[in-house]
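Take a look at the structure below.
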Ligand SMILES: NC(=O)c1ccc[n+]([C@@H]2O[C@H](COP(=O)([O-])OP(=O)(O)OC[C@H]3O[C@@H](n4cnc5c(N)ncnc54)[C@H](O)[C@@H]3O)[C@@H](O)[C@H]2O)c1
């Protein structure tokens with residue numbers, strides 16, 4: 001392979017930062033099936049808030065080109081796919097987007113090309129699901145013979161401005177040594193961190209999906225501890241503070257677990273596990289515990305507040321300081337509160353669309369609430385807490401789910417947290 005011509009397919013939370021990062025060293029063509037996404041990005045607007053306008057515009061003037069026309073990537077010889085890997089209603093892996101991107105690549109695949117996947121999957125999926133799709137090409141090219149596969153799990157953590165993809169260690173794997181070396185070269189231009197070459201693609205796939213399943217299980221344990229502490233009338237946060245003084249205590253916080261990764265990836269692992277005849281008891285029990293948290297919280301809020309209360313619900317994205325609404329557990333909690341006949345008013349500084357009926361922050365002061373639920377403690381709320389306190393009726397309650405507020409005892413506010 002003389003010149004590396006790289007296409008990044010799927011320009012979301014993962015693909016856009018990758019395309020932008022690689023464009024400092026290579027000519028990159030970013031491809032996405034969404035014309036809306038491409039049009040916005042060409043204007044410098046990244047709705048995921050991962051890349052600032054100036055930086056994106058600068059890249060577009062230099063090495064980065066964006067398109068929704070797959071023919072424009074036909075000259076490329078390295079394809080990096082970063083498309084979603086969601087689950088179905090029955091919580092099974094949904095390989096639709098991955099198969100569809102393979103189908104696109106198969107139309108333009110040439111001898112010697114490398115196809116790399118960054119999407120999170122279960123171990124084996126790249127070779128078992130993607131390779132056969134790619135082999136449906138006109139030239140009858142075979143995986144591992146005529147074209148080659150690679151895998152590099154993505155660790156980007158949206159909203160986290162510390163562990164950015166230009167600093168973190170990256171795992172890569174290839175179908176052979178030559179591919180490994182090419183991927184190591186490419187990714188070492190992206191990050192100052194180490195490039196770890198995994199034994200093979202399956203190992204690299206497994207490494208990613210277990211990272212997220214482990215996180216899910218750890219949070220589930222703390223959520224269970226939080227419920228126990230609640231019955232004991234002690235604060236889980238006080239307990240965690242004390243336990244954290246031990247050198248090998250793992251630091252996790254209780255809360256709602258949603259989003260496209262932690263609440264989804266364990267189902268990929270458990271699916272594979274079941275197909276291998278292993279009952280994934282621990283993995284699924286963690287999932288169940290975390291998925292039940294909205295119902296648990298709704299019951300508590302319902303018990304504490306009056307019937308038909310007026311509730312201000314702050315934060316509907318899946319986590320702090322990101323605009324991502326996918327699989328947000330706030331929605332489950334809101335639904336449960338509405339089912340209990342409470343009147344729920346929603347606010348989130350990151351959500352602008354009309355669909356979610358977000359109220360304007362400045363208009364909130366005209367209401368007085370029986371309860372304020374801080375479901376997602378965006379910095380916006382932490383910085384405005386003195387204002388927010390005034391939206392509460394004198395006998396109202398603040399439900400600070402993640403225990404992030406530092407209220408003054410002088411405030412004399414009725415307060416509950418996990
Ligand atoms: N978001 C994260 O924090 C994160 C972190 C690590 C890994 N991952 C994994 O990375 C993958 C991508 O996640 P994401 O959050 O970037 O998703 P995303 O939804 O933000 O972006 C995916 C993009 O792919 C596009 N797309 C869908 N099908 C396509 C196709 N057939 N061809 C071309 N483009 C297509 C969509 O239009 C979208 O713009 C997933 O497997 C996810 O599990 C995500």
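Of note:
- Peptides 265-271, 159-165 ranked from most to least packed by the mean count of surrounding Cβ atoms within 10 Å: 265-271, 159-165.
- Extended-chain gain in nm, criterion 0.36 nm per residue less alpha-carbon gap, residue 275 and residue 306: 6.3 nm
- Span from the the range 178-200 Cα centroid across to the the range 20-40 one, whole angstrom: 21 Å
- For peptides 342-348, 118-124, 16-22, sequence by mean Cβ density within 10 Å, most packed first: 16-22, 118-124, 342-348
- Working note: 222 nm ellipticity from helices only, DSSP H runs with n ≥ 4, each -39,500 (n - 2.57), summed and divided by the residues of the chain, gives -10500 deg cm²/dmol to the nearest 500.
- Placing a pseudo-label 7 Å from each Cα along the Cα-to-Cβ vector at residue 128 and residue 214 gives an inter-label distance of 2.3 nm.
- Choice from 183, 35, 66 showing the highest fluctuation, given a GNM over the chain with Cα pairs closer than 10 Å: 35
- Multiplying the residue separation of residue 249 and residue 233 by 0.36 nm and removing their Cα-Cα distance gives an extension gain of 3.5 nm.
- The chain: angle of helix 330-339 to the longest principal axis, Cα-based, in degrees nearest 10: 40 degrees
- Segment residue 111..residue 343, full-extension length gain: 77.4 nm, with 0.36 nm per residue of separation and the alpha-carbon distance subtracted.
- Ranking of 180, 128 by count of other Cβ atoms within 10 Å, fewest first: 128, 180
- Where only C-alpha atoms are counted, convex hull volume of the range 6-198 per residue in Å³: 117 Å³
- With the convex hull constructed from alpha-carbon coordinates only, the range 208-291 shows a mean projected area of 6.1 nm² over all directions.
- Degrees, to the nearest 10: 96-106 long Cα axis against longest axis of the chain: 20 degrees
- Per residue, the convex hull spanned by the alpha carbons of the range 280-418 comes to 119 Å³.
- Using the alpha-carbon positions of the range 29-89, Rg (one decimal) and Dmax (whole number) come out as 12.9, 42 Å.
- When only alpha carbons are used to place a centre, the range 338-363 and the range 41-79 end up 33 Å from one another.
- Cβ-based exposure ranking for 340, 130, in which fewest neighbours within 10 Å come first: 340, 130
- Label-point gap, in nm, between residue 221 and residue 292 - each point 7 angstrom along Cα→Cβ: 1.8 nm
- Mean Cα-pair separation over length for the chain, i.e. relative contact order, pairs under 8 Å, 6 or more apart, %: 11 percent
- Cut-off 14 Å (backbone N to label point 7 Å along Cα→Cβ of residue 75), residues of the range 1-45: 3-7, 27-30
- Modelled spin-label separation between residue 39 and residue 366, with each label point placed 7 Å from Cα along the Cα-to-Cβ direction: 3.4 nm.
- Residue 241-residue 142 FRET efficiency (beta carbon distance; Förster radius 60 Å; 0.05 resolution): 0.55
- Dimensions of the chain from C-alpha coordinates, computed as largest minus smallest value along each principal axis and given longest first, are 72, 49, 39 Å.
- Sorted peptide list for 362-371, 70-79, criterion being average Cβ within 10 angstrom, highest first: 70-79, 362-371
- DSSP assigns beta bridges within the chain; of those with both partners inside it, close to 5 percent run antiparallel.
- Placing a label point 7 Å from the Cα of residue 356 along the Cα-to-Cβ direction, the residues of the range 277-299 whose backbone N falls under 19 Å from that point are 294-295, 298.
- Helix 293-304 vs. the chain, principal-axis angle (Cα, 0 to 90°, nearest 10): 10 degrees
- Within the range 6-198, percent of DSSP bridges classed antiparallel, to nearest 5: 10 percent
Rule-based calculations on the coordinates, nothing more; no lab input. In this text the structure is predicted, and so the values were computed from the model without any measurement. Note that each Cβ is placed from the backbone with ideal geometry, even for glycine, and that neighbours are counted across all protein chains shown.
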